[in-house]
Amino acid sequence: MFRPLPLFVGLRYTRAKRRNHFISFISLISMLGITLGIVALIVVLSVMNGFHKEIQERILGMASHATLSVPDGGITDWEALVARVQAYPDVVGAAPYVELESMLMHAGRTNAALLRGIVPDREDAVSDLRRDMVIGSVDDLVPGGFNIVLGVELAAVLGVGVGDKVTVVTPQLNATPVGVMPRLKAFSVVGLFEVGMSDYDRGAGFMHMADAALLMRLGEAAEGVRLKLADMFDAPLVSREVAYALNAQATAGQTESGEPGAAVAYRVTDWTQVHRNFFAALRTEKRMMTIILFLIVAVAAFNIVSTLVMVVTDKRADIAVLRTLGASPGRVMAIFMVQGTTIGVAGTLLGVVGGVLLGWNVEPIVASIERAFGVHFLDPSIYYISALPSDVRAGDVLRVGGGAFLMSVLATLYPAWRAARTDPAEALRYE
């Protein structure tokens, strides 16, 4: 069967011969180095993806994909607004809310908290609060009941449990005969939740929206509407489209009615703005870890340089014979590029297959090691995420495999170029 000369000779040089077992051993080490580097890189990236996905789901399980609000005052017709928003195909849920920054007090202990007033039946459409409850139920938040649900860490700091009273101090002020005083209200703790994020478990609480609106003097109005979208990564685009459409409808309605005054202007924020710094830090961490681990692959790939340099030195006579038989410098260069690329391709394929298989099974493998040796790599008493989540992504695998292959090809250029410059007369002088 016909095979091109560079491919035939290059593959032949790759196999071990009696005189070059050491060179073949170096080639094997180079290939295994590439394999192990790729496996490590894919597994680490998959575990980092898993952690990022887990953290992201926990954050967005309590926060919202997007929020519509009015800069001044509240939204009195929030039920109509929720109905209009839910008519958009990309919006899968909407719920009203009222937020207030407050200070909670109990038995001489104080702690700042961000309290959110919700409507329990509607909150299920935009958050996972009901799933995260460990004691009590969100259904115990009834209008006028002045009940509150706290994070488990916040409750521990205040020293309260279900049935205890906490005093909510709001920044709004009341004028009294003795002067201006902050607004105080006692709430009964009816439940505890645990998200696994300290920002929520230690700094958040929930009450019924009617009670929160009363504290904020909003009457029956809502501060805004929280949205859950079909694809959270479309939040910046979809939320602004919704706000633009609502503002256009409000302006058109005002024009038709002829009433003076400014139309309602809805302000929109999304999760990429609220948590921008946190997720930017995660992306930076992943990028730097990728660069560091790629250096391992680069070291293994450039071992091919030393391997091919030794092969070129060992094959000087063969190269001279090929040149005298009419082989061009380009063909000679291609022979050694084939040999080096073969090592890189073999190492890359083995590394990609091994990395993907290990990435898919890293959680059960780590669990088996923990059971076998009686250790915990992520102690549940210290870490909220006690398992190693893994998320193997095709884009990461392709980038890692493609990068390793490219480095392997680049590593062959200099030795192959040196082989192409071999002088046949000089190489055969002492043969």
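Of the candidates Leu308, Leu350, Leu325, Leu358, the single residue that is exposed (fewer than 14 other Cβ atoms within 10 Å of the Cβ), farther than 30 Å from Glu194 by Cβ and not β-branched (Val, Ile, Thr) is Leu325. Would the stretch 63-73 turn up any residue that is out of contact with any helix residue (DSSP H, G or I) (no Cβ under 8 Å at 6 or more places or on another chain), surrounded by fewer than 19 Cβ atoms within 10 Å (Cβ to Cβ), acidic (Asp, Glu) and under 26 Å from Asp128 (Cβ atoms)? Among the residues of the stretch 63-73, not one is out of contact with any helix residue (DSSP H, G or I) (no Cβ under 8 Å at 6 or more places or on another chain), surrounded by fewer than 19 Cβ atoms within 10 Å (Cβ to Cβ), acidic (Asp, Glu) and under 26 Å from Asp128 (Cβ atoms), which makes the answer no. If you check Glu194, Glu223 for being modelled with pLDDT of 85 or more, charged (D, E, K, R), more than 21 Å from Asp77 (Cβ to Cβ) and surrounded by 12 or more Cβ atoms within 10 Å (Cβ to Cβ), only one passes: Glu194.
For the stretch 138-155, taking the residues that are under 30 Å from the mean Cα position of the chain (by Cα) and part of a helix (DSSP H, G or I), the one that is surrounded by the fewest Cβ atoms within 10 Å (Cβ to Cβ) is identified as Val152.
Rundown of residues vs (1) under 28 Å from Gly355 (Cα atoms); (2) at pLDDT below 85; (3) of a type in the set (Lys, Arg), yes/no style:
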| site | (1), (2), (3) |
| --- | --- |
| Thr14 | yes, yes, no |
| Ser24 | yes, yes, no |
| Ile34 | yes, no, no |
| Val39 | yes, no, no |
| Ile42 | yes, no, no |
| His52 | yes, yes, no |
| Met62 | no, yes, no |
| Leu68 | no, no, no |
| Val91 | no, no, no |
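Selection of the stretch 266-290 for residues being assigned to a helix (DSSP H, G or I) and closer than 30 Å to Val82 by Cα yields Trp271, Thr272, Gln273, Val274, Arg276, Asn277, Phe278, Phe279.
For the stretch 202-220, the set of residues classified as surrounded by fewer than 21 Cβ atoms within 10 Å (Cβ to Cβ) and either charged (D, E, K, R) or not assigned by TED's automatic domain parsing to the domain that holds Phe187 (or both) consists of Arg202, Arg217, Glu220, listed by residue number. Taken over the stretch 255-274, the criterion of being modelled with pLDDT under 75 and within 25 Å of Ala94 (Cα to Cα) is satisfied by Ala263, Val264, Ala265.
Do any residues in the stretch 272-289 that are closer than 19 Å to Pro236 by Cα have Cβ atoms under 9 Å from those of residues that are outside any helix (DSSP H, G or I) and of a type in the set (A, V, I, L, M), where the two are at least six apart or on different chains, and which pairs are they? Close Cβ pairs satisfying both conditions: Val274/Ala63; His275/Ala63. When restricted to residues that are under 24 Å from Ile55 (Cβ atoms) and not basic (Lys, Arg), the stretch 102-134 contains 16. Looking at the stretch 79-137 only, could you name the residues that are more than 18 Å from Gly191 (Cα to Cα), in a strand (DSSP E or B) and of a type in the set (A, V, I, L, M, F, W, C)? Answer for the stretch 79-137, where residues must be more than 18 Å from Gly191 (Cα to Cα), in a strand (DSSP E or B) and of a type in the set (A, V, I, L, M, F, W, C): Val91, Val92, Ala94, Ala95, Val98, Leu100, Met103, Ala112.
The values are calculated or read from the model by the stated rules, or taken from the named source; none is laboratory data. Here the structure is a predicted model, which is why all the values come from computation and not from measurement. Neighbour counts are summed over all protein chains in view; Cβ atoms, including those assigned to glycine, are modelled from backbone coordinates with ideal geometry.
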